[in-house]
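Q: Below are the structure tokens for one structure; questions will follow.
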Amino acid sequence: MAETILEVSKLTKSFDGGSAVLNEINFSIKKGEVVVVVGSSGCGKSTFLRCLNFLEQIDSGEILLDGKKIDISAKALPKYREKIGMVFQSYELFPHKTVLENVMLAPLLVQKRNKAEVKAEAEKLLARVGVAEKKDMYPRQLSGGQKQRVAIVRSLIMHPEVLLLDEITAALDPEMVREVLQVVLELAKEGMTMLIVTHEMDFAKAVADRVIFLDQGEIIEEEPPEIFFGEPKTERAKRFLNTFHYEALEDK
Amino acid sequence: MDLEFISSHIPMYVEAAGLTVRIAIYGIIGALIVGLICSLIKELKLPVLKEIVQIYIELSRNTPLLIQLFFLYFGLPKLGIVLSSKACATAGLIFLGGSYMAEGFRTGIDSVPQIQRESAYSLGLTREQTFFRIILPQAVATSVPVFCANMIFLIKETSVFSAVALADLMYVTKDLIGLYYNTDEALLMLVIAYLIILLPISLVTSWLERRVRYAGFGN
């Protein structure tokens, strides 16, 4: 059995003292595993991902990386985040830096790696996702799909232990969704550990080792994709999955 | 109009203008540094210091430069600190300009979306690295028009320096009027001197503003 990389116990989060967005979530992910989180909007899946990176302050609970509790002091947090890659829906490349500068910034600044080595790796990774010829351009000159592939490379070059993907195709035109998801599928094949929030159910089915269904801040179902998409156990999951089939609406 | 009077006093004006420009340059650079430090303190949300910065900004923006200069020139000696006219003028300009520049930085910083910070944090950058590498470069590009306006504003404010006995343009003008009663000529030369200083700066800054607006990182 592969080792557990990230472990979450009783994670609770609410905004401004309101009702809990996440309620005592228990979760773990093993090395090389791909877990997809699905649920209707507002169910807390993005918040869950953001909590794992401490972009949101959690109310209670524990997060462990490689079995060690995370020190959330301002000094220690960057060291942790370095090991957790994150890709956002809106790409968030740095607009004042070229593609290559975007990719090379963190390895040089944070990991203090050798410049020639970083540049070689950056170019190799950019070529792999098909944007090698864009390396000296600014993000503004790229299409959405290209930007998102660069954003993935920018995370990958840090050699993260886990990659968090937060609805990375939600802002893309349909024809660009595929080129980005193709990259993610290849990463999965290579054994990259990933936690993915997505609305692309076909993609979820193809890439996931395990699917988590979040509803009202709680994990309602957690099982392999064949079971979740084939015969979901709960009524809520059935209703959620039905919204993706248009013919189902005719029954109403 | 006494042309001979004008031509014979040009050197005096040139010298005074030189002094005005020198102090304005020190003042503007100092103000930019103070503004940057203030915005860094606010960005890092440093306790106590950020309250001090807020008090400073309100105090500096809501009192006239003339009063600030009087405090430096006539008030501080009572506390045992005696500053020269030049030092007072420079310090006063920095004190006034610092808050305006800080607000300029703030406008730019506020225009950078919060998620850009999160993106940098999630790559492992510290808050300081994020501020200097990611936020500040984008903020400065946005704030250039504000900085330019502040620069011109500060140069114009130098006209009150004569109040602390600094031999600047205004001082020379008032001197000449007092000595020779050539009011028209002296004031005309004063206006022209300020125009000669400010017009080129105004042209350069509007060119710079256009460039920043259209350059837009590869657009």
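Q: Could you tell me how many cubic angstrom of Cα convex hull volume segment B:3-215 has per residue?
A: Spelled out: Cα convex hull of segment B:3-215, divided by residues, is 132 Å³.
Q: Mind jotting down the distance between the C-alpha centroids of segment B:130-150 and segment A:1-34, whole Å?
A: Between the Cα centres of segment A:1-34 and segment B:130-150 lies a distance of 38 Å.
Q: Taking θ as phi - 60°, what are the ³J(HN,Hα) couplings along segment B:24-30 by the Karplus curve (6.51, -1.76, 1.60), each to the nearest whole Hz, with x for Gly and Pro?
A: 4, 5, 4, x, 5, 4, x
Q: Please report the spacing between the Cα centers of segment A:204-243 and segment A:54-99 in Å, no decimals.
A: 27
Q: Still on this structure, I have one more. Provide B:115, A:29, B:192 ordered by accessible surface of protein heavy atoms (probe 1.4 Å), highest first.
A: Order by accessible area, largest first: B:192, B:115, A:29.
Q: Quick one: Debye curve from the C-alpha atoms of the protein assembly as shown, no solvent, what's log10 I(q)/I(0) at q = 0.07, 0.10 Å⁻¹?
A: -0.53, -0.84
Q: So which residues in segment A:134-169 end up with at least 50 square angstrom less accessible surface once the other protein chains are there, compared with the chain by itself, probe 1.4 angstrom?
A: A:140
Q: On the accessible surface of the protein assembly as shown, probed at 1.4 Å, how many percent belong to carbon and sulfur atoms?
A: 58
Q: Sort A:19, B:111, A:28 from largest to smallest accessible area, using a 1.4 Å probe on the heavy atoms of the protein chains.
A: A:19, B:111, A:28
Q: Tell me, what are the semi-axes, in whole angstrom and largest first, of the equivalent ellipsoid of chain A as set by the roots of 5 times the Cα gyration tensor eigenvalues?
A: Gyration-tensor ellipsoid for chain A: 30, 23, 16 Å.
Q: How many Å² of accessible surface get buried when B and A come together, counting both sides, probe radius 1.4 Å, rounded to the nearest 100?
A: For B against A, buried area totals roughly 2200 Å².
Q: Express the relative contact order of chain B as a whole percentage, based on alpha carbon pairs under 8 Å and six or more residues apart in sequence.
A: Averaging sequence separation for qualifying contacts and normalising by length gives 28 percent for chain B.
Q: In nm, to one decimal, how far is the modelled label at residue A:171 from the one at residue B:56, with both set 7 Å along Cα→Cβ?
A: 3.6
Q: At 222 nm, what helix-only mean residue ellipticity would chain A give, in deg cm²/dmol to the nearest 500, using -39500 (n - 2.57) for each DSSP H run of four or more?
A: -10000 deg cm²/dmol
Q: If the only charges are +1 at each Lys and Arg Cβ and -1 at each Asp and Glu Cβ, what is the size of the charge dipole of chain A around the Cα centre, to the nearest 20 debye?
A: Computed about the Cα centre, the dipole is about 1140 debye.
Q: Quick one: helix B:169-180 against the long Cα principal axis of chain B, what's the angle to the nearest 10°, folded into 0 to 90?
A: 10
Q: Output the Cα-based Rg and Dmax of segment B:63-173 in Å, rounding Rg to one decimal and Dmax to a whole number.
A: Every Cα atom of segment B:63-173 included, Rg and Dmax give 19.0, 60 Å.
Q: Let me ask you something else. Roughly how much of residue B:196 is accessible, in Å² to the nearest 10, using a 1.4 Å probe?
A: Estimated to the nearest 10 Å², residue B:196 gives 120 Å².
Q: While we're on this one: Taking amide H atoms as placed 1.01 Å from N in the peptide plane, list the residues 5 or more away in sequence, or in a different chain, whose amide H sits under 5 Å from that of residue A:212.
A: Here A:36, A:37, A:38 satisfy the definition.
Q: Give me the dipole magnitude in Debye, nearest 20, for segment A:52-196 about the Cα centre, with unit charges on the beta carbon: positive for Lys and Arg, negative for Asp and Glu.
A: The dipole of segment A:52-196 has a size of about 580 debye.
Q: Let me ask something else about it. From the backbone phi of segment A:164-178, what are the Karplus-calculated ³J(HN,Hα) couplings (6.51 cos²θ - 1.76 cosθ + 1.60, θ = phi - 60°) in whole Hz, Gly and Pro given as x?
A: 9, 10, 9, 6, 6, 10, 5, 9, 9, 5, x, 6, 8, 4, 4
Q: Okay, next question. Give the relative contact order (percent, whole number) for chain A; include only Cα pairs under 8 Å separated by 6+ residues.
A: Value for chain A: 25 percent.
Q: With n ≥ 4 as the cut-off for DSSP H runs, can you work out [θ] at 222 nm for chain B, using -39500 (n - 2.57) per run divided by the number of residues, rounded to the nearest 500?
A: -25500 deg cm²/dmol
Q: Follow-up. Between residue B:196 and residue B:7, with labels modelled 7 Å along Cα→Cβ, what's the label distance in nm to one decimal, could you check?
A: Simple spin-label model gives 1.5 nm for this pair.
Q: Let me ask something else about it. Mind checking the mean number of beta-carbon atoms from other chains within 10 Å of the Cβ atoms in A:77-88?
A: Counting other chains' Cβ atoms within 10 Å and averaging over A:77-88 gives 4.
Q: Next question. On average, how much accessible surface per residue is there in chain A, in Å², for a 1.4 Å probe, leaving out ligands, DNA and RNA?
A: Solvent-accessible surface per residue comes out at 47 Å².
The values are calculated or read from the model by the stated rules, or taken from the named source; none is laboratory data. Bear in mind the structure is a predicted one, so any value in this text is a computation, not a measurement. Glycine also receives a Cβ, built like all others from the backbone with ideal geometry; neighbour counts cover every protein chain displayed. Areas reflect the complete protein model, heavy atoms only, side chains present, ligands, DNA and RNA absent. Shrake-Rupley method; radii C 1.70, N 1.55, O 1.52, S 1.80 Å.
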